[in-house]
Amino acid sequence: MFSTVKSFGVTGVGGYEVSVEVYITGAMPKFEIVGLPDASVKEAKDRVYAAIKNSGFKFPTSHITVNLAPADKKKAGTMYDLPILIGMLSAMGDIPRIAKDSAFIGELSLTGELRPVQGALPMAIEAQRSGIRYFYVPEENASEAAFADEIEVFPVKNVHQLIRHLTGEMPIESAAQPDLRSSDEHIPDFADVKGQENVKRALEIAAAGGHNILIVGPPGAGKSMMAKRLPGILPDMSRQEMIETTEIHSVAGFTSRKNPIVSIRPFRSPHHTVSSAGLSGGGSIPRPGEISLAHNGVLFLDELPEFRSDVLEVLRQPLEDGVVTVSRVAGTVAFPSRFMLVCAMNPCKCGWYGHPSGRCKCSENDVKRYHSRISGPLLDRIDIIIEVPALEYEELKQKTPSESSAEIKKRVDAARKIQHQRYPDDAAMCNAHIGTKELREFCALDEECDALMRMAFDSMNLSARSYDRILRVARTIADLEGSESIRSDHIAEAIQYRTYEL
């Protein structure tokens, strides 16, 4: 007795097709799973046995061989429980043969109930590419999987319900695409921020062009408070960005039945004790780290000098390439990691260097030693450095609300719209990511601007990378004003954001 059932697995943040082949013979009773299964897949034998018995079916006293093809690819996870069970019931003739355009994923409980699995959306997208029309998933994964186009997703509560559907006794209603407005995530508003107009301006420029930014200031000045409000002024995510981001969060196990799709730009804020693997991703079977979980969103590093130097250096390659490559014995995986890097730090160890109160007791050498924890190459990849002054009493007692995030977002959206029209080949492209060709074409300088840039380049000892980043920031400032060309005042403001000395 033989049957084949289609299923899917996950590698990196993408799905791949797996054929679950079940062969039952009259030899000595034994249950084997082959095809490079890991421990969680091998344990499926006990779950499938109990689920079959508790669902009212007879477990065969025969030699059962389950092959997960392709057999040369490592299989991990619990998503193969359901297709193994369906394959066994089909091979024994308890249910009709499964059509080639149907696929199954799901973890089984001992009672036959289905539990959710990680990576439902990437598997559903790969199923659609593979010609699958009917995709059976645990009920909690259904909304997420239904976000894939041109595929009918069926939410399954338990084995008994699925069998009644497959035999035509009681069909299951297919899942509808999720309501993207149902997210309960609340983003704080810039209207709550008192004063700090120069910092708000810098954050608006950063949001409009996707630029990396470093905020420097004493404790309590509002650095973290303003950084947490940044997602509220970023452009809305496109459908493709939602898919890319949800795939990463799904593989990491961060999606849920209540919030199946990441429809708001992620804001990740790892503690400074995070390891390099926690930041970049890793594990025996590579999983995404914080820089990938921040894809299409914000990675916020508070107290930047407190992070270990080896952890910070991990950021350099992803900031340039928009992807992080993790190599392990099990294979090499590339995770997308195009994010805005937002950092905050104190001006010295005690935090009060340069404060008018004179409460800082750090020596010049102490300050230099504190700043030296951040390498030059990493600083070179930050577009904007802005100093946050301590608030005055008059600013704190001000009752007039500040400009709201919604008002700032309108200007950011207008600037991004200009960029989308300028770079039509990539809908996610913004000024921070343009290459040399686009720099030459869209950031050309007249004589006055060129003279200003030459003076800044010589006096500030800028690198070629810093020069390019000033041009990108100036291009964004011009876009915010609706200016087709870069003017000298745009260049001057962009240079200003590189003048803080660390």
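The values are calculated or read from the model by the stated rules, or taken from the named source; none is laboratory data. Treat the numbers as computed from the prediction; the structure is a model and nothing was measured. Cβ sites come from the backbone with ideal geometry, for glycine too, and all protein chains shown count toward neighbours. In case anyone asks, the SASA skips ligands and DNA or RNA and just uses the protein heavy atoms, side chains included. Shrake-Rupley method; radii C 1.70, N 1.55, O 1.52, S 1.80 Å.
Summary of computed values
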| item | result |
| --- | --- |
| Selection count, region 425-438, where residues are under 25 Å from Gly376 (Cβ atoms), out of contact with any helix residue (DSSP H, G or I) (no Cβ under 6 Å at 6 or more places or on another chain) and open to solvent by less than 80 Å² (accessible area, probe 1.4 Å) | 3 |
| Positions within region 3-37 being outside any strand (DSSP E or B) and within 29 Å of Gly253 (Cβ to Cβ), in sequence order | Gly12, Val13, Gly35, Leu36 |
| Some residue of region 332-343 being under 30 Å from the mean Cα position of the chain (by Cα), open to solvent by less than 80 Å² (accessible area, probe 1.4 Å) and among the charged types (D, E, K, R) | yes |
| Region 289-326, residues that are open to solvent by 20 Å² or more (accessible area, probe 1.4 Å) and part of a strand (DSSP E or B) | Val323, Thr325 |
| Of all residues in region 344-368 being surrounded by 12 or more Cβ atoms within 10 Å (Cβ to Cβ) and among the charged types (D, E, K, R), the one that is farthest from Leu230 (Cα to Cα) | Asp366 |
| Filter result for Asp450 (farther than 24 Å from Ile233 by Cα, outside any loop (DSSP other than H, G, I, E, B) and open to solvent by 30 Å² or more (accessible area, probe 1.4 Å)) | yes |
| Count of residues meeting criterion [surrounded by 11 or more Cβ atoms within 10 Å (Cβ to Cβ), assigned to a helix (DSSP H, G or I) and either of a type in the set (A, V, I, L, M, F, W, C) or within 36 Å of the chain's Cα centre (by Cα) (or both)] in region 453-473 | 13 |
| Condition check for Thr255: hydroxyl-bearing (Ser, Thr, Tyr), buried (at least 24 other Cβ atoms within 10 Å of the Cβ) and touching a Ser or Thr at 6+ places or on another chain (Cβ under 7 Å) | yes |
| In region 479-502, residue surrounded by the fewest Cβ atoms within 10 Å (Cβ to Cβ) [restricted to those that are of a type in the set (A, V, I, L, M), assigned to a helix (DSSP H, G or I) and free of Cβ contacts under 8 Å to residues at least 60 places away in the same chain] | Ala492 |
| Subset tally (residues that are under 15 Å from Ala145 (Cβ atoms) and assigned to a helix (DSSP H, G or I)) for region 218-261 | 7 |
| Residue satisfying condition, being assigned to a helix (DSSP H, G or I) and out of contact with any Cys (no Cβ under 7 Å at 6 or more places or on another chain), within set Ile125, Ile132, Ile172 | Ile125 |
